[in-house]
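Have a look at the structure below before the remarks.
The values are calculated or read from the model by the stated rules, or taken from the named source; none is laboratory data. Since we're looking at a predicted model, the values are computed, not measured. Cβ placement follows ideal geometry from the backbone for every residue including glycine, while neighbour counts extend to all protein chains displayed. Please note that ligands, DNA and RNA were not included when accessible areas were found on the heavy atoms of the full protein model with its side chains. Shrake-Rupley method; radii C 1.70, N 1.55, O 1.52, S 1.80 Å.
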Amino acid sequence: MVRTSGAGKLHASGTAGPRTGGRPRTGQTVLAPRLFRLAVPPVSGVLRPRLVVVCAALLAATFLVFCWGVSIGEVPIGLVDVMKALAGQGDPGTLLVVRELRLPRAAVGLLAGAAFAVSGALFQTMTRNPLASPDMIGLTAGAGTAVVAGIVLGWDAGPGVQALGLLGALATALLVYALAWRRGTTGYRIVLVGIGLSWICSSATDFLLARGGRFQAQAALGWLVGNLNGRSAGDAVPLAVAVAVLLPVALVLGRLLRTLQLGDDVAAALGTRVQPVRLALTLTGVGLVAFATAAAGPIAFVALAAPQIAQRLAGDAHPPLVASALTGALVVLAGDLAARTLISGTELPVGVVTGVLGAPVLLWLLIRANRAGSGG
């Protein structure tokens, strides 16, 4: 245990971990969680070195894949030149290609992946169910139905798509919550009701596609798969504003989110206002998934898989929000890079790649839940 006195100085304590021959294992000691307390300002918490290392590694990998994705195209550009162009340096031609033509696509992929992953982490932690991600409980399907309705009916001009996506996801979330309510809600009931509503929304989307014109149907089908092709600054800016507003809200609510894992009665006894906190978490998660869906389409399985990957990388009891955001961004950017390079001359939608990679994760989660006795 280490303590230092004085205003503003760090007071820390931590466990040395398992001992072998009277000495702690060096790796476990370095990465073990440690308590800290500041005298001024009066702040205390738990420092998790492993989580910090994981986030740093994910950040570096995300930046590398981001630059790699910007570098490829009809006019290849070196990674160093891409980094210089992102910093505003280089010749005018390179600056035009990087910042005007390719950067919006990469920015939408980065922001959408982070938004999907944080939304998935919020819902999975709040319901204490790893299957309760927005794409499993119908939120992306509801947002998708609303956006397809806008495309088919001609309401997709200006901010219409963003507003329709938000309204569709919010309406679906409220309906799932209301139908799953029976003296409270459980993660299992939310998943079952959400799957049913997801199929209803999918049927409504198919009806709209059948009733729409050929060009509207083609535009909607390309978007429904989850696609970053042709994304512009008009798609990236609203999503960037939404992430800039909602991600800090999610981080602030994250402290209260942990108490909900203990159950409603225990959380209320600890001073948490359960229903207002749950409503705030729901609105935050819905906002993130709605804006991400409106910008990039319902990219499959990112919200389901990214939080679970981040949780296991960090060795935490629940999906950490920052690590989940970085993992989601990395998954979408890497999936888009693979979709553009795996088949020469063909650019697949990113949702095709994430769907192929996410399906085994879903099967693994179902098998794991069944073995744990939580599958029903």
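Ranking ARG368, ARG48, ARG105, ARG273 from most to least accessible surface, computed with a 1.4 Å probe over the protein chains only, gives ARG273, ARG368, ARG48, ARG105.
Heavy atoms of the protein chains alone define the surface here; on that basis the stretch 290-345 has 28 Å² accessible area per residue at 1.4 Å probe size.
Amide H contacts for GLY138 (H built 1.01 Å from N in the peptide plane; partners 5 or more residues away or on another chain; cut-off under 5 Å): none found.
Backbone phi angles across the stretch 195-211, fed through the Karplus curve with coefficients 6.51, -1.76 and 1.60 (θ = phi - 60°), yield HN-Hα couplings of 5, x, 5, 4, 5, 4, 5, 5, 5, 5, 5, 4, 5, 5, 5, 5, 8 Hz in residue order; Gly and Pro are listed as x.
The figure for TYR188 is an accessible area of roughly 100 square angstrom, using a 1.4 Å probe on the protein chains alone.
In this simple spin-label model, placing a label point 7 Å from the Cα along the Cα-to-Cβ direction at both VAL80 and GLU347 gives a separation of 2.8 nm. With all protein chains in place and a 1.4 Å probe, the accessible surface of the stretch 241-338 carries 71 percent carbon and sulfur. Can you list the residues of the stretch 313-349 with backbone N under 20 Å from a point 7 Å past the Cα of SER202, pointing along Cα to Cβ? Under 20 Å, as judged by backbone N against the label point of SER202, lie 349 of the stretch 313-349. Which one, TRP181, GLY150, GLY213, is farthest towards the positive end of the dipole of the stretch 116-234 when Lys and Arg carry +1 and Asp and Glu -1 on their Cβ? Result: TRP181, furthest along the dipole toward the positive end. D by Stokes-Einstein for the stretch 168-233, Kirkwood Rh over Cα pairs, 4 °C, 1.567 mPa s: 92 µm²/s. When only alpha carbons are used to place a centre, the stretch 254-307 and the stretch 124-149 end up 11 Å from one another. Measuring r between the beta carbons of TRP181 and ARG368 and using R0 = 22 Å, the FRET efficiency lands at 0.20. Oblate is the label for the stretch 304-367, because the ratio a/c of its alpha-carbon gyration tensor axes (a ≥ b ≥ c) is 1.5 or higher and a/b is not greater than b/c. Taking TRP223, TRP199, TRP364 and ordering them by how much accessible surface each has at a 1.4 Å probe, largest first, produces TRP199, TRP364, TRP223. Residue by residue, the stretch 56-64 carries 3J(HN,Hα) couplings of 5, 5, 5, 5, 5, 5, 5, 4, 5 Hz when phi is fed to the Karplus relation 6.51 cos²θ - 1.76 cosθ + 1.60 (θ = phi - 60°); x denotes Gly or Pro. Shape of the stretch 153-271 from the C-alpha gyration tensor: oblate (a/c of 1.5 or more and a/b not above b/c, with a ≥ b ≥ c the square roots of its eigenvalues). Ordered by 1.4 Å accessible area with all protein chains kept, PHE301, PHE215 run largest first as PHE215, PHE301.
Backbone phi angles across the stretch 228-243, fed through the Karplus curve with coefficients 6.51, -1.76 and 1.60 (θ = phi - 60°), yield HN-Hα couplings of 9, 5, x, 6, 10, 5, x, 7, 7, 5, x, 5, 5, 5, 4, 5 Hz in residue order; Gly and Pro are listed as x.
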